[in-house]
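The numbers here are math on the coordinates, done by the rules we state, and not lab data. Computed from a prediction, not measured in an experiment: that's the story for all the values here. Here the Cβ positions follow ideal geometry from the backbone for every residue, glycine too, while neighbour counts run over all protein chains shown.
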Amino acid sequence: SQQGEEDPQALSIQEGENATMNCSYKTSINNLQWYRQNSGRGLVHLILIRSNEREKHSGRLRVTLDTSKKSSSLLITASRAADTASYFCATNNYGGSQGNLIFGKGTKLSVKP
Amino acid sequence: DAGVIQSPRHEVTEMGQEVTLRCKPISGHNSLFWYRQTMMRGLELLIYFNNNVPIDDSGMPEDRFSAKMPNASFSTLKIQPSEPRDSAVYFCASSFSPGETQYFGPGTRLLVL
């Protein structure tokens, strides 16, 4: 079953602009993770944010988490053509089978040079 | 470390044939996951193992699918008999512990004719 739902489904921007992708989820989580997938490749982990954290940075990436709204956002600053990829959020849910992640359907980002 | 290794990278087979996909997780990782990705359904978790034991196989579509993990460094996903609707990219991923960062292999692109 789908947990994370990304928004928008597709985003097209110019190089140098910022890109913001959002993720909403339904149940309580232990952590939320963002992954990137280049066309034809496996997913690559970007950032993990735990339920007691509100914001995390990694290079040009900034992730926020609002557990009261059950939502997260991924901001990519000063985007580059190489950032063109699909971006997925995934939640590790509290309770139940706690080891797995549930992935959303992703946001397809296109950065035009 | 070489990362998660999957074989074969591509498989084309005819309906009714047996297909075996293989995965070698990252050394030291205790959790292993099999996913299937299609345009229509996105990324679906099929099964995950922790310490070589299947923990959650609720995503396995039907009895035609089976997965094994005979030791910490090897897992197989078998489809017998295969059907055209099984055509997808199958990913294996591993993590150091359940619910944490997952490292994905390059995937096996399966086409069942």
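Look at the alpha carbon pairs under 8 Å that are at least 6 residues apart: their mean separation over the length of chain A gives a relative contact order of 38 percent. For the set A:LYS70/A:LYS105; A:LYS26/A:LYS69; A:LYS26/B:LYS78; B:LYS24/B:LYS68; A:LYS26/A:LYS105, the pairs lying more than 21 angstrom apart at their alpha carbons are A:LYS26/B:LYS78. Beta bridges from DSSP with both residues in chain B: antiparallel share about 90 percent, rounded to the nearest 5.
Among the GluC sites (Glu not before Pro) found in the stretch A:1-90, those both in a DSSP coil and sparsely packed, with 15 or fewer other Cβ atoms within 10 Å of their Cβ, are A:GLU15, A:GLU17, A:GLU53. Calculated on the Cα set of chain B, radius of gyration then Dmax: 13.1, 38 Å. For chain A, DSSP calls about 90 percent of its internal beta bridges antiparallel.
Using the Cβ of A:TYR94 as centre and a radius below 13 Å, the other residues enclosed give a net charge of +3, where K and R count +1 and D and E count -1. The residues packed around B:ARG9, meaning those with a beta-carbon under 14 Å from its beta-carbon, carry a net charge of +3 if Lys and Arg are +1 and Asp and Glu are -1. Principal axis analysis of the Cα atoms in the protein assembly as shown yields extents of 49, 39, 33 Å, listed in decreasing size. Stretching A:ASN30 away from A:SER51 to a fully extended chain increases their span by 7.0 nm, per 0.36 nm per residue minus the current alpha-carbon distance. Count Lys and Arg as plus one, Asp and Glu as minus one, and take only other residues whose Cβ is under 10 Å from that of A:PRO113; the net charge is then +1. Only the Cβ atoms of Lys and Arg (+1) and of Asp and Glu (-1) were treated as charged; on that basis the dipole of the protein assembly as shown about its Cα centre amounts to roughly 400 debye.
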